[in-house]
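These notes concern the structure reproduced below.
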Amino acid sequence: MLNPPDEGKLGITFAYPEAISVEQEEEIKDVFLKKLNVFFQMSNLELIAEIK
């Protein structure tokens, strides 16, 4: 999506095939954010991913 509504914010829903612990969920979110931000940097995009 190139021009998302709501000031450029996108919503992402994480779905897991089985129940995971809170620690596993945090680890997955952290890894996802790091990979997404590295992609933005490599693509010369002035974007920062964050989870709230």
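What to note about this one:
- With each label modelled as a point 7 angstrom along the Cα→C-beta vector, the THR13-LEU36 pair spans 1.6 nm.
- Packing-based ranking, highest mean first, of 23-30, 11-18 given that Cβ atoms within 10 Å are counted: 23-30, 11-18
- Karplus 3J(HN,Hα) series, Hz, for the range 17-34 with 6.51 cos²θ - 1.76 cosθ + 1.60 (x for Gly, Pro): x, 8, 5, 10, 7, 4, 5, 5, 4, 4, 5, 5, 4, 4, 4, 4, 4, 4
Every number in this text was worked out from the coordinates using simple rules, so none of it is lab data. Everything quoted here is computed from the prediction, not taken from an experiment. Counting neighbours? That spans all protein chains shown, and the Cβs are built from the backbone with ideal geometry, glycine included.
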